[in-house]
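For reference, the structure is listed below as structure tokens.
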Amino acid sequence: MESQIELKCEGMKGRSDAQVIRFVGDLDATNVQTVLEKICNLFNEGKIHIVADFAKLRYVNSTGLGILLHLSKSAKEKAGSFKIANVNENVFEIVEIIGATSLLEIYDTVEEAQASLN
């Protein structure tokens, strides 16, 4: 059974190279390809700074986390950034267990993540 994930994209005021993506649902092996394709398309459109809002992301597994690390690396290769905000306790715990807190840029709020863009 496929887990449901919805990505809601929003532009960022004053930044044509940036996008806020609100993740809604669960991120796991059944839907990482969809997420990867959507965000890679944004990179190809010149949206090299991504702020991922995880306020409504209920769950991520190791496969989903792997994609997030891949997206972070891809953004850096394009001189951009992939920042994560509003991470709930369940998701943060998984990130922490896998040891990815030092590899991902995590912010308390979307506004803080946006403010960190150079």
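Bear in mind these aren't lab numbers, they're just calculated from the coordinates by the rules spelled out. Owing to the predicted nature of the structure, the values given are computational and were not obtained by experimental measurement.
The figures follow:
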| read-out | value |
| --- | --- |
| Helix 62-77 vs. the chain, principal-axis angle (Cα, 0 to 90°, nearest 10) | 20 |
| Rounded D (µm²/s) - the chain, Kirkwood Rh over Cα pairs, Stokes-Einstein at 10 °C, 1.306 mPa s | 114 |
| With Cα atoms, 0 to 90° folded angle of helix 89-98 axis to the chain main axis | 90 |
| Sequence-distant residues sharing a close amide H with PHE82 (under 5 Å, placed H) | ILE50 |
